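Taking it in order: structure first as structure tokens, then the write-up.
The values are calculated or read from the model by the stated rules, or taken from the named source; none is laboratory data. Computed from a predicted model, the values in this text were never measured in an experiment. With ideal geometry, Cβ positions are generated from the backbone for all residues, glycine too; neighbour counts draw on all protein chains shown. Accessible surface is based on the protein model in full, side chains and every heavy atom, while ligands, DNA and RNA are left aside. Shrake-Rupley method; radii C 1.70, N 1.55, O 1.52, S 1.80 Å.
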Amino acid sequence: MNTQMNEVRSESEVNIPAFRLENMSIAYSGNVAVSGVTVDIPQKQLTALIGPSGCGKSTILRSLCRLNDLIPGVEISGRVELFRQDLRQMEAITVHRRVGMVFQRPNPFPKSIYENIALGLRVNGYRGKIDEMVERSLQQVALWDEVKDRLRSNALNLSGGQQQRLCIARALALQPEVILMDEPCSALDPIASLRIDNLLNQLKQFYTLVVVTHNLQQAARIADQVAFFNTNRAEGRIYGTLAEFGPVVQVFSEPQKQETYDYVNARSN
Amino acid sequence: MTNTALSLPQIRKLIQRQNVFDQFVVLALLAAALSSVIVTAGILYILISESVSFFSQVPLGEFFNLVDPKWTPLFDDKNFAIITLISSTLVTTGVSVAIGIPMGTIIAIYLSEFATEQVREWVKPILELLAGVPSVVFGYFALQTVTPFMQRIVLGVQMFFAPGRDEFDYYQLPGFNMLSAGIVMGISIIPLISSISEDAMRAVPKQMREGSFAVGATRLQTSFNVVLPAAISGIIASYILGISRSLGQTMIVAVAAGTQPIYTWNPLDGAATISTFIVEVAKGDIEHGSLEYNTIFVAGLALVAMTLAMNLLGHYLSKRVREVY
Ligand SMILES: Nc1ncnc2c1ncn2[C@@H]1O[C@H](COP(=O)(O)OP(=O)(O)OP(=O)(O)O)[C@@H](O)[C@H]1O
Ligand SMILES: [Mg+2]
């Protein structure tokens, strides 16, 4: 019965976007951070969010997994859908279970390396072998060889880059439908960062990925779609808007707007 | 030359003056820190020197007598088995901890992880008020309110399980008992434990909680799996402060647990704790330098030793716990 339902779902849903944002605006205590974003984020592809600092990339990402609920004074307007469902009407926990998140700064739990991954599995009632899943997800982020002898030691003793890979492994272990990543490689060395790029390229066959990055080369290597956000000024306030969205080749080589061209060619105005 | 720049000798002089000032400040800070060390050392010196003169008159075997312990230093037939006082100190502290630690921790978790800002604004001042209640008031609360209440409960429990007897044939909880004193001591340390634990939990970075929510954990799961372990050393510190406070608690036990130095481990009995004994003796007129006088200090030394052991245990525990996760 379950498989039947899944089949019906997959047939009708194969082409629907993972996220559909309609005129979405987000404000912190009345200060608009992002305004009027309308975009369809396709499923099973990697969408990169790029743009200058402060244009609201993290803000959007946090709203897509309902983490902004926790911040008092956040107002969201417009409509957000997750696979056709109204995201803002869903239970926050359901959203958290379907949409994984890797944060800008690594935030492992103050527990052992093993527990960092096992905890998420346990709270989600994972039925399989936890040991195997821990190993598999650590392998995926190329951390296994570095930590396999000290799985029981505290994750906070890892280096920043190792912590970030652990956080990615933690999200992967739960096999969510969508994984959001906020500058996942900003704390990594070039080699480790390249490994993550390769991982992301593999993962996008199975998952919908939305990745914020300041590294345009990385965006070019990994992205299918690119969303470029820009900052605007009105009455002394700065807020972000979606300036351009399209396939990676188009945004980088034939941008439709001058501001996109300037940004991807690293020109300031 | 209207140059604002300083010449090299001028800069040297400035740095020198700065250095002298810095050194002065460092010395002042050091002196402040040393003063607490000196006071502690002074107290210890007095306790130990008086105890030395005590042990020159009382054999160690008598002091650590566990076989037939009695504590009767003010009688003609003198007995000095300290376990008599230690047992009641441990019993009242145990009851107090059994109340104060769970309640304090639950309140801390609630305030830090669940309560809205409005609820916190209400509850925190009430807790502060509780912390400000003088211990003698707590003592009479234990004696006048909690003890009668506990007496009815003890009676009710017996009547429930063995009905049919005359009311006075049942066991009666004595008017002075360590249970009531311990319960109220537990209530009195709730604000201490909850406020320190809450501070420790609120200091846990919010990114850590977000990481937990992002893997689909509930608030409760996040509190226990992420926030508690991250704040554990602060929480253990609050427990140790609470326990030390209970060990040394004087007024509540003196008022509600009685002043009879009886050797017992039963919380339903009344018995004098170490600090009860010290105030009792200090109230009476005993000769300076006499053996009775020395017993105050030897009892005080025992109390200090217990508190110290508590602190060492806590230190060890918080280190252990940190290594385990
Ligand atoms: N918790 C918050 N409370 C109030 N304002 C916030 C909060 N978080 C972000 N902002 C504001 O929202 C705007 C967008 O911030 P955001 O973190 O989304 O930018 P970003 O695009 O991720 O920048 P960066 O590339 O530097 O990470 C900024 O002006 C910021 O000051
Ligand atoms: Mg950001």
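Quick notes on this one:
- Helical segments meeting 27 Å axial Cα length and Kyte-Doolittle -1.0 threshold in chain B (DSSP H): B:8-55, B:83-109, B:178-202, B:291-324
- FRET efficiency, 1/(1 + (r/R0)^6) with R0 25 Å, evaluated for residue A:177 and residue A:79 via beta carbons: 0.85
- Three-way shape call for segment A:19-268 based on the alpha-carbon gyration tensor, with the a/c threshold at 1.5: prolate
- Near the amide H of residue A:19, within less than 5 Å, lie the amide hydrogens of A:41, A:83, all on another chain or at least 5 residues away, with H placed in the peptide plane.
- For a label point 7 Å along the Cα-to-beta-carbon line of residue B:40, residues of segment B:198-231 with backbone N under 11 Å: none
- For segment A:203-269, GluC sites (Glu not before Pro) are listed when DSSP marks them as loop and at most 12 other Cβ atoms sit within 10 Å of their Cβ; the list is A:235.
- Gaussian network model of chain B, springs between alpha carbon atoms under 10 Å - residue of B:200, B:33, B:302 with greatest fluctuation: B:33
- Note that segment B:1-142 presents 66 Å² accessible area per residue, ligands and nucleic acids not counted, probe 1.4 Å.
- Near residue A:25, the amide H atoms lying under 5 Å from its own belong to A:36, A:37, A:77, A:78; only residues 5 or more places off or on other chains count, and H is placed 1.01 Å from N.
- D (Stokes-Einstein, µm²/s), Kirkwood Cα radius, the protein assembly as shown, 1.002 mPa s at 20 °C: 72 µm²/s
- Max mean-square fluctuation residue, GNM over chain B, Cα-Cα springs under 10 Å, options B:144, B:16, B:249: B:16
- Take the Cα of residue A:22, go 7 Å toward its beta carbon, and the backbone nitrogen atoms of segment A:56-78 under 14 Å from that spot belong to A:77-78.
- Here the accessible area is traced with a 1.4 Å probe on the protein chains. For chain B, carbon and sulfur cover 68 percent of it.
- Heavy-atom accessible area buried between chains A and B is around 1900 Å² (1.4 Å probe, both sides summed).
- Cβ-Cβ FRET estimate between residue B:144 and residue A:258, R0 fixed at 60 Å, reported to 0.05: 0.15
- The shape of chain B comes out oblate: with a ≥ b ≥ c from the C-alpha gyration tensor, a/c is at least 1.5 while a/b does not beat b/c.
- Each residue, residue A:159 and residue B:133, gets one label point 7 Å from its Cα in the Cβ direction; the gap between the two is 5.6 nm.
- Segment A:1-140 shape via C-alpha gyration tensor axes, a/c threshold 1.5: oblate
- Note on residue A:265 and residue B:282: their simple-model spin labels are 8.5 nm apart, each label 7 Å out from Cα toward Cβ.
- Candidates per chymotrypsin sites (Phe, Trp or Tyr not before Pro) in segment B:57-144, loop by DSSP, up to 12 other Cβ within 10 Å: B:64, B:75
- With kT/(6 pi eta Rh) evaluated at 25 °C and eta = 0.890 mPa s, and Rh the Kirkwood radius from Cα pairs, segment A:68-128 diffuses with a coefficient of 173 µm²/s according to Stokes-Einstein.
- Using the Cβ-Cβ distance between residue A:135 and residue B:166 with R0 = 51 Å, the FRET efficiency computed as 1/(1 + (r/R0)^6) comes to roughly 0.10.
- Selection of trypsin sites (Lys or Arg not before Pro), segment A:99-206, meeting DSSP coil and at most 14 other Cβ within 10 Å: A:127, A:129, A:152
- Amide proton proximity set for residue A:243, modelled H, under 5 Å, gap of 5+: A:228, A:229, A:230
- Kyte-Doolittle mean at least -0.5 and Cα axial length at least 30 Å: DSSP H helices in chain A: none
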